[in-house]
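Please treat every number below as a calculation from the coordinates, not as lab data. Keep in mind that what you see is a predicted model, and the values were worked out from it rather than measured. Reconstructed Cβ throughout: ideal geometry from the backbone, glycine too, with neighbour counts over all protein chains shown.
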Amino acid sequence: MKNIVSICLLLLFCALSAHSLHADHIYNLFVSPKLFELKLGSGPISETIQLKNNSDTPVRLSAMVRNWTIDEQNNMKTVPSEAESLDQWIVVTPENITVEAGKEALVHFSVKPHAVTEPGEHRAIIFLTESYPTLSGDGIEVTFRQGIGIYGYSGVVRHSSTIKSLKLDRTSGILSIEIENRGNVHTRFDGDYAIWKKGAFPGLKSLPASPEWPHNHKKPAGFITSGSLNRTPVLAGTSRTIKTLLPVAAFPTGYTVIVTGTIDGEKVEKIFR
């Protein structure tokens, strides 16, 4: 009996990496851009997705468009088309694409919204799915699927979000951000964390613009590590808790965590001592 694994790199969240795949040639398939944000009006919109195959074998893909949402577990899932969902207004050409080894290819899509659309956000995702599964080194058939997120904005866009809580569980190392979104478009916390040895943090004013210092620069005394927080979007009219697992297992209590970022243009800073 064959084992078939479908892997989706959904870069709406920027949470997964191609390096998690078993199919080596897919590492070398470059897709750009991975996210579109479009202003919807009365006229049609045309956009292009660029594909580049840096492997030594052809990649064959099929394209499909779907409506999507985010469930209460913060997982993206496809849902049926709705009256105002963007997927029903999108046409992709070609629907079947072969990217030859070492070559480039283009996928075009056009958006033709209704003359009258509800103000706010309309969503779709274009899936590029490998037509033939690839056999991995351990004998598993792997089907590659890339999701390109599309946000369309109509009429007056209203941002209105609140961070209800920002907590760190030192036992599990999980940082939780509870966000309520009362606007008519998605929001997300765009932030970073920095971890310092307990008592070594010199203060927020001493931090550079980004806590990700270049590798060729000497790290400040007491600095442990830093990184980006989970950027899962919170859709309009929903409340979600977004969690990030911090690499603090080796420091059960002896560390300080600094969180910096923005949400809807508002600056957020928090220190967990």
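Of TYR132, TYR153, TYR255, the sequence from fewest to most neighbouring Cβ atoms within 10 angstrom is TYR132, TYR153, TYR255.
Using every pair of separate Cα atoms, the Kirkwood estimate puts the hydrodynamic radius of the stretch 76-143 at 15.2 angstrom. Once both labels are positioned 7 Å from their Cα atoms along Cα-to-Cβ, the gap between ILE174 and GLU82 label points is 2.8 nm.
GLU118 to SER165: FRET efficiency via 1/(1 + (r/R0)^6), r the Cβ-Cβ distance, R0 35 Å, to the nearest 0.05? Once the sixth-power term is evaluated, E becomes 0.70. Annotation for the stretch 26-95: trypsin sites (Lys or Arg not before Pro) lying in DSSP loop with at most 16 further Cβ atoms inside 10 Å of their Cβ are LYS34. A simple spin-label model places pseudo-atoms 7 Å from Cα toward Cβ; at ALA221 and THR262 they are separated by 3.4 nm. Using a simple spin-label model with points 7 Å from Cα along the Cα→Cβ vector, what separation in nm is obtained for LYS205 and LEU235? Modelled inter-label distance: 4.5 nm.
The string of couplings for the stretch 34-41 from the Karplus curve (6.51, -1.76, 1.60, θ = phi - 60°) is 9, 8, 10, 10, 10, 8, 8, x Hz, one whole number per residue in order, with x for Gly and Pro.
The fewest-to-most ranking of HIS122, HIS108 by surrounding Cβ atoms within 10 Å reads HIS108, HIS122.
Pairs exceeding a 30 Å alpha-carbon distance, out of LYS77/LYS112; LYS52/LYS267; LYS52/LYS77; LYS39/LYS205; LYS197/LYS267; LYS198/LYS243: LYS52/LYS267; LYS39/LYS205. A straight chain from GLU100 to ASN54 at 0.36 nm per residue would run longer than the Cα-Cα distance by 15.6 nm.
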